[in-house]
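A short worksheet on the structure shown next.
Here, each number is a calculation from the coordinates, and none is a lab measurement. Computed from a prediction, not measured in an experiment: that's the story for all the values here. No Cβ is skipped: glycine too gets one built from the backbone with ideal geometry, and neighbour counts run over all protein chains shown.
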Amino acid sequence: MRVLVIGAGALGGYFGGCLLRAGRDVTFMVRPRRAEQLTREGLQIISPNGDFTVSAPTLLAGDIREPFDLVLVGVKSYSLNEAMPEFAPAVGPNTTILPILNGMAHIERLSAQFGADRVLGGTAYISAGLDAAGRVVHVFPNHDLVFGEIPGGSSDRTRALEAFFDGTGFNARASDMVMQDMWEKFVQLGLGGGITCLMRASLGDILAAPGGREAMFEIFVECCAVAAASGFKPRPALIESNTTFITTVGSPLKASMLRDIERGSTTEGDHILGDMVMRARALGIETPILNLARTHVAAYEIGRARILAAS
């Protein structure tokens, strides 16, 4: 199976790197600067599960000449619109597209562009980022990739993918309820991203602040209500794990969205918080804290754009 990974950042770099280490046929579509860096230094992974470096074949946008069997989309949501026409030549009649972006809206965009029959649902449970040297830094041992057919159920291609991913060093699971899995991840992102960005603080510091516990539970309830009204009521395990997530005294955890703000980067605020708010309004659900979090991150993005324009 020939795999094209779109992007060699935290997600694409980690999962693509593991595939390469296991001897799979993988190529990365990247920008010229990243291609030069990977050619010079290799793809470097720093992980609690073991550090490694692999030689990473690359292609630039415009250099794709034939279809691939699997296109693994690992870019940030705000880069997807630009990336889709660039990797379009890699998508043939039998190509499977597996996006592992955060959120939900990208499924509709990819399906509209390439056809719903080519697109799987997918989500990654991993905490990772790129450091200043361009290395993929994997923070916690968990590294799970869940994927499946959007209508639900199993299929020949999801079983084949599960077999293909076996033995590659990360946990891959074909799900017969992938949209439920994705919605539960969406709820978790809305909760963590919304509250830590709104408060500009870690979960432990928010919990210790007056009214912090109540605010976290309220935004959690709001996100769960949107999921339930959309037909994907969060399961008890998700409720339990996220309750622990926001009630752990002294937790240093911050959402990646807040870490993006702290380093002055663009965020996935519109794709996560904005999309959740839009869905809530369409369903007639009141989400006052989520609305405020969305406005907070949007105001940051407006200010950041103004500064960049002036520089």
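Below, the figures for the structure above:
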item	result
Normalised contact order of the chain, rounded percent, pairs of Cα under 8 Å and 6 or more residues apart	14 percent
Potential lengthening between residue 221 and residue 144 on full extension [0.36 nm per residue; Cα-Cα distance subtracted]	25.1 nm
Helix 156-165 vs. the chain, principal-axis angle (Cα, 0 to 90°, nearest 10)	90 degrees
Anisotropy class of region 2-176 from Cα gyration tensor, a/c 1.5 cut	oblate
Separation of alpha-carbon centers, region 32-86 and region 147-223, rounded to whole Å	24 Å
Filtered GluC sites (Glu not before Pro), region 75-177: DSSP coil and at most 11 other beta carbons within 10 Å	none
FRET E, pair residue 94, residue 173, Förster distance 25 Å, beta-carbon r, rounded to 0.05	0.60
The chain - share of DSSP beta bridges that are antiparallel (%, nearest 5)	35 percent
Derived scalar couplings ³J(HN,Hα) [region 204-211; Karplus, 6.51 cos²θ - 1.76 cosθ + 1.60; whole Hz; x for Gly, Pro]	x, 5, 5, 4, 6, 7, x, x
Identified option (computed mean projected area of the Cα convex hull in nm²; candidates (i) 16.1; (ii) 21.5; (iii) 14.7)	(i)
Shape call, region 121-195: gyration tensor on alpha carbons, a/c limit 1.5	oblate
Ellipticity estimate at 222 nm from DSSP helix runs (n ≥ 4, -39,500 (n - 2.57)) divided over the chain, nearest 500	-15000 deg cm²/dmol
Neighbour-count order for 27, 248, 123, fewest beta carbons within 10 angstrom listed first	248, 27, 123
Dipole axis of region 181-310 (+1 Lys, Arg; -1 Asp, Glu on Cβ), positive-most option in 293, 239, 207	293
Pairwise FRET efficiency - residue 40 versus residue 262, Cβ, R0 = 22 Å, nearest 0.05	0.15
Residue among 148, 47, 19 farthest towards the positive dipole end of region 2-176, charges placed on Cβ	47
Nitroxide proxy distance, nm - points 7 Å out along Cα→Cβ at residue 306 and residue 200	1.5 nm
Cα-based shape type of region 181-310, given that a ≥ b ≥ c are square roots of the gyration tensor eigenvalues and the cut on a/c is 1.5	oblate
Fewest-first ranking of 159, 24, 259, 294, using other Cβ atoms within 10 Å as the exposure measure	159, 259, 24, 294
Residue 239-residue 49 FRET efficiency (beta carbon distance; Förster radius 30 Å; 0.05 resolution)	0.55
